[in-house]
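Below is one structure, written out as structure tokens; the observations come after it.
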Amino acid sequence: MDNVTFSPPNILIVDDINANLAVLSELIRKAGYIARPVTSVRQAVNAIEALLPNLILLDISMPEIDGFVFCSMLKKNANTRDIPVIFITALDSSGDKIKGFQLGAVDYIAKPFDVEEVTMRINTHLKMYKMQQELEVYNKKLYKIINDQIRKIYDGQKNVVEALAKLYTVGDSEKRTHVERVGDNCRILALSLQLSPKFKEQITNSFIDVIEQAAMLHDIGMINIDKKGFTKSFSLRKVEEEAVFQTHTTIGAEILEEVLSMNTGNEFVRMAINIARYHHERWDGKGFPYGKVGKEIPICARIVAIVDDYDALLLGWGIEKPNTQEECVDIMNQNSGSLYDPDIITVFNKVQNQLRKQAT
């Protein structure tokens, strides 16, 4: 049911008295508009379904369904709510007029009709309706332009993160696929956290989109560390005693802060700074670099800590052979409340079968 604007505009007249219909139809035609007279609400509904009118003249005192009820129906329907409704009435009660305006009518026409007054009111409201339609078209175009620009900015910001991720994993295909899985799995876990009453206010749709990319930069600080003598990122903080290794968190944050200074407003990099700096903190406060405790640790870093360690366990980094999935889940749960946020682990347990695993 498309609202196609014709020239001249068409006006639906709803009145159960034929004499009133004849007078108003003649008046409307002389004014240069198309008159569409009907004698009942049922006929009016059929006429509207056939073609949306540009204006509706509606008698209040109708049989079966009165004008007030029908106006309320029109204003609750997304297809008809913006069509201006002018009540036709012989009633002179201010209460009736107020009720009509409250229901969404734009004006009243009193019986008996004054030709000049009716014509002027119709002209005025048709012009206003046309202006409203033109404004809506303009706003839709403007909205599209703004959205296109936002998308370009978003894509540009996202590309910065992807380029950085490629830079610090160059020559290390295993590390590259690891950070990609961390990003993918952070999205899956965050989507599930959004359904939890404990996290729904913190985990917005934007947060989910951003963490998927930002999480890939969690270990970017390793780019400035001589990795000779280190295995891959040891799981479960087993290298916390390694002072040099521990510096990769602050180094990573400093690198990303420099990037942010050249890309102000980049929300991906802004979150990545918190992830890089805090993803080795522990829920019990025994992590590094600052010994943050519990919810002092940004939620993005708490999510990445779990996803990063889970993938490292599956890969077997720092041990002789990879763990089975069941062994990994057991280890994660053994460290709930010490290494990890126990509420996030609860959700992790529900979705761990959905998380992306390394290629076999």
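Once the Cα-Cα distance is subtracted from the 0.36 nm per residue extended length, the Glu116 to Gln334 segment shows a gain of 70.0 nm.
Using the Cβ-Cβ distance between Asp155 and Ala19 with R0 set to 51 Å, the FRET efficiency from 1/(1 + (r/R0)^6) comes to roughly 0.20. Using the Cβ of Phe348 as centre and a radius below 13 Å, the other residues enclosed give a net charge of -4, where K and R count +1 and D and E count -1. Return the FRET efficiency for the residue pair Ser7, Val69: r is the Cβ-Cβ distance, R0 is 35 Å, and the value is rounded to the nearest 0.05. Computed FRET efficiency for Ser7 and Val69 comes out at 0.60. Sorting 43-49, 84-90 by their mean Cβ neighbour count within 10 Å, with the most densely packed peptide first, gives 84-90, 43-49.
Fully extending the segment from Thr177 to Tyr143 would add 8.5 nm, taking 0.36 nm per residue of separation and subtracting the current Cα-Cα distance. Of all DSSP beta bridges confined to the chain, the antiparallel ones make up roughly 0%.
Only one of the values (1) 20.9, 63; (2) 21.1, 71; (3) 33.0, 99 was calculated from this structure for Rg and Dmax of the Cα atoms in Å; name its label. Label (3) holds the value from this structure. Around the Cα centre of segment 262-360, unit charges on the Cβ atoms of Lys, Arg, Asp and Glu (plus for the first two, minus for the last two) sum to a dipole of about 260 debye. Taking label points 7 Å from Cα along the Cα-to-Cβ direction, Thr264 and Gln132 give a separation of 4.2 nm. Between the amide H of Ile13 and those of Arg36, Val38, Leu57, distances stay under 5 Å, these residues lying 5 or more places away or on another chain, with hydrogens modeled in the peptide plane.
Extension gain for Lys357-Val293 works out to 20.1 nm (0.36 nm per residue, less the C-alpha to C-alpha distance). Counting only Cβ charges, +1 for Lys and Arg and -1 for Asp and Glu, the dipole size of segment 149-191 around its Cα centre is about 160 debye. The order of the peptides 203-211, 257-265, 140-148 by mean Cβ neighbours within 10 Å, most packed first, is 203-211, 257-265, 140-148. Rounded to 0.05, the FRET efficiency of the Lys166 and Ser206 pair, given R0 = 35 Å and the Cβ-Cβ distance, is 0.90.
Laboratory data are not the source of any read-out in this text; all were calculated from the coordinates shown. This is a predicted model, so every value here is computed, not measured. Counting neighbours? That spans all protein chains shown, and the Cβs are built from the backbone with ideal geometry, glycine included.
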